[in-house]
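Peer 1: Before I ask anything, here is the structure I am working with.
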Amino acid sequence: MPVLLSEASRVEVRSMTTLAVPVVLAEMGWFTMSLVDTVMVGPLGPAAIGAVGTGSILFMTLMVFGFGTLLALDTFVSQSFGAGRIDECHRWLFAGVQLATLLSVVLMAASVAGLALLPAVGFHPELLGELTSYMTHLVWSAPPLLAYVVFRRYLQAMNLVRPIMVALVAANVMNAFVNWALIFGNMGMPAMGVAGAAYATVVSRVVLAVSLLGIIFYNERGTPSGLHDVPFKWEGRRVWRLFQLGWPAAMQITLEVGVFAAASALAARIGPLASAANQVVLNIAGFIFMIPYGIGSAAAVRVGQAVGRRDAPGVRRAGWAALGLASAVMTGAAVLFLTVPAALIRVYSTDATVVDVGIVLLFICSVFQLFDGLQTVATGALRGLGDTRTPMVLNLVGHWAIGLPIGYVLCFNRGWGVAGLWAGLSVGLILIGGSLLMVWHVKSRATTFVEAS
């Protein structure tokens, strides 16, 4: 018989959807940049596809530590907003900018050091030259990327999500145009190949950061407690609190992205065709993943705002509404991967081997779609509660102690090839998704507000 929702639950589903849809579109717009880069270098051959895809994920494996640390803004800004403390929202914004500046210096230095180590990784020779060229230029996108993260988390936690979507549309247009000009040498520009794709990414991320900063100033221009009423000064204690809450979230994302980066590096050792198929499917699955990831971001905001209001039933309603939306979406994604896999892969490549291997990988992806959605939304909901450590621990165990070792054995010892890598990763995701769902259920039921949150 059908499950009847209470009026409060129906209101929460509507509110969650209203917030989540622009956030999801923004996430998909963000991911579209790397997708467009991969598609546009396609005519250059499998090595270029593998280089851009592998380079992007290796770079993001470093950058997501900064990206993830700044996710702590979700918790602090949304809880302050829920409590009606707009001045505190501004102070957390300033602390986020200060932390992002420090992280940019550290992560750019780490990126340069990583470039020097690429020849020792054992990449296929055809990939190494293209990969080095791409990543050498991509490193300059780090500062605008982290600035964008700060501005976006601030706006999102205060329910200002539509301007983010508009900014991402503008950045995507710029990215596609600069790709077209620099990859192939159009409009009198030099034909730079994969390096052109890297420059396009840098330009688009600058556009994103500047656009969101402009939106913040425009939105605050007439408010009673605008940015002008809160001094921009160094607050070491506040920056430290951001870091303390953020680093486990950063490690969780680093572990998750890192395991796929490791799989990409292992696929690159097999050869260009295996690497290309891996990157194509990773792009397809990653694009779909942006939907539950966006819902998870909305869950962090709605749960955090309920905490700020000291509304325990609202905390649970927000989390479960987000989990329900993600379950529906990812079930649909699994059906899509099973019914039209070849059509999806041919968007990227018409190479027969790439298509055949990609179909197998998409079948494996369909198995873990639901659990992938559950784990990322539960992570967001727990972040709204202020718990970033549990997802970190479960990702460490699920991906690195279980999933990747199984994938390695299946790939190289059992002869499954790149499909073995994905089979192992699916085992890890299923375990993580089920475990985080249980953790959310227990912790949300135990939420009380006897003491100030």
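The values are calculated or read from the model by the stated rules, or taken from the named source; none is laboratory data. Since the model is a prediction, treat every value here as computed from it, not as a measurement. All Cβ positions, glycine included, derive from the backbone under ideal geometry; neighbour counts span all protein chains shown. All accessible areas refer to the heavy atoms of the entire protein, side chains included, with ligands and DNA or RNA removed. Shrake-Rupley method; radii C 1.70, N 1.55, O 1.52, S 1.80 Å.
Peer 1: State the Cα centre-to-centre distance between segment 346-408 and segment 141-194 in whole Å.
Peer 2: Each part reduced to its Cα centre gives a spacing of 26 Å.
Peer 1: Using only alpha carbons, build the gyration tensor for the chain and give me the equivalent ellipsoid semi-axes, biggest first, whole Å.
Peer 2: On the way: eigenvalues 240, 143, 77 Å².
Those come to 35, 27, 20 Å.
Peer 1: Something else now. Have a look at segment 1-115 and give its Rg and Dmax from the Cα atoms, expressed in angstrom.
Peer 2: 20.0, 59
Peer 1: Residue by residue through segment 401-414, what is 3J(HN,Hα) from phi via Karplus (6.51 cos²θ - 1.76 cosθ + 1.60, θ = phi - 60°)? Round to whole Hz and write x for glycine and proline.
Peer 2: Result, ordered by residue: 8, 10, x, 5, x, 4, x, 4, 4, 5, 6, 9, 8, 9 Hz.
Peer 1: Read phi for every residue in segment 93-110 and hand back ³J(HN,Hα) as whole Hz from Karplus 6.51 cos²θ - 1.76 cosθ + 1.60, θ = phi - 60°, with x for Gly and Pro.
Peer 2: These are the phi-based 3J(HN,Hα) values: 4, 5, 4, x, 4, 5, 5, 4, 5, 4, 5, 4, 4, 5, 6, 5, 4, 5 Hz.
Peer 1: Ok, one more. Tell me the net charge near L99. Cut-off is 13 Å between Cβ atoms, L99 excluded, with +1 for each Lys or Arg and -1 for each Asp or Glu. Could the numbers behind the result be given before it?
Peer 2: Numbers: positive: R91, R153, R237, R238, R241; negative: E235.
Net charge in that neighbourhood comes out at +4.
Peer 1: Highest mean first, how do 172-182, 251-261 rank when packing is the count of other Cβ atoms within 10 Å averaged over residues?
Peer 2: Values: 172-182: 19.5, 251-261: 23.5.
Top to bottom by mean Cβ count within 10 Å: 251-261, 172-182.
Peer 1: Right, here's the next one. On a 0 to 90° scale, report how tilted helix 312-339 is relative to the longest principal axis of the chain, with both axes built from alpha carbons and the result rounded to the nearest 10.
Peer 2: Roughly 20 degrees between the two axes.
Peer 1: What is the set of long-range amide H partners of M192 at a cut-off below 5 Å, with H atoms built 1.01 Å from backbone N?
Peer 2: HN-HN under 5 Å from M192: I183, F184, G185.
Peer 1: Compute the helix-to-body angle for 125-138: its Cα long axis versus the longest principal axis of the chain, expressed 0 to 90° and rounded to tens.
Peer 2: Relative to the chain, helix 125-138 is tipped by roughly 30 degrees.
Peer 1: Compare the peptides 90-101, 106-117 by average per-residue count of other Cβ atoms within 10 angstrom and give them in order, highest first.
Peer 2: Ranked by mean Cβ neighbours within 10 Å, highest first: 90-101, 106-117.
Peer 1: Give the peptides 154-164, 79-89 in descending order of average Cβ contacts within 10 Å, highest first. Please report the intermediate quantities before stating the final value.
Peer 2: Numbers: 154-164: 21.4, 79-89: 19.2.
Taking the mean over residues of other Cβ atoms within 10 Å, the ranking is 154-164, 79-89.
Peer 1: Have a look at Q305, M330, V377 and report the one farthest towards the positive end of the charge dipole of segment 289-416, computed about the Cα centre with Cβ charges (Lys/Arg +1, Asp/Glu -1).
Peer 2: Farthest towards the positive end: Q305.
Peer 1: For n ≥ 4 DSSP H runs only, could you compute -39500 (n - 2.57) per run for the chain, divide by its residues and tell me the 222 nm figure to the nearest 500? It would help to have the intermediate numbers written out before the result.
Peer 2: Numbers: 16 runs with 362 residues, N = 453.
Value at 222 nm, helices only, nearest 500: -28000 deg cm²/dmol.
Peer 1: Compare F232, F76 by solvent-accessible area with a 1.4 Å probe and give them largest first, with all protein chains kept in place. Provide the component values of the computation, followed by the final result.
Peer 2: Values: F232 130, F76 30 Å².
Of F232, F76, the descending order of accessible area is F232, F76.
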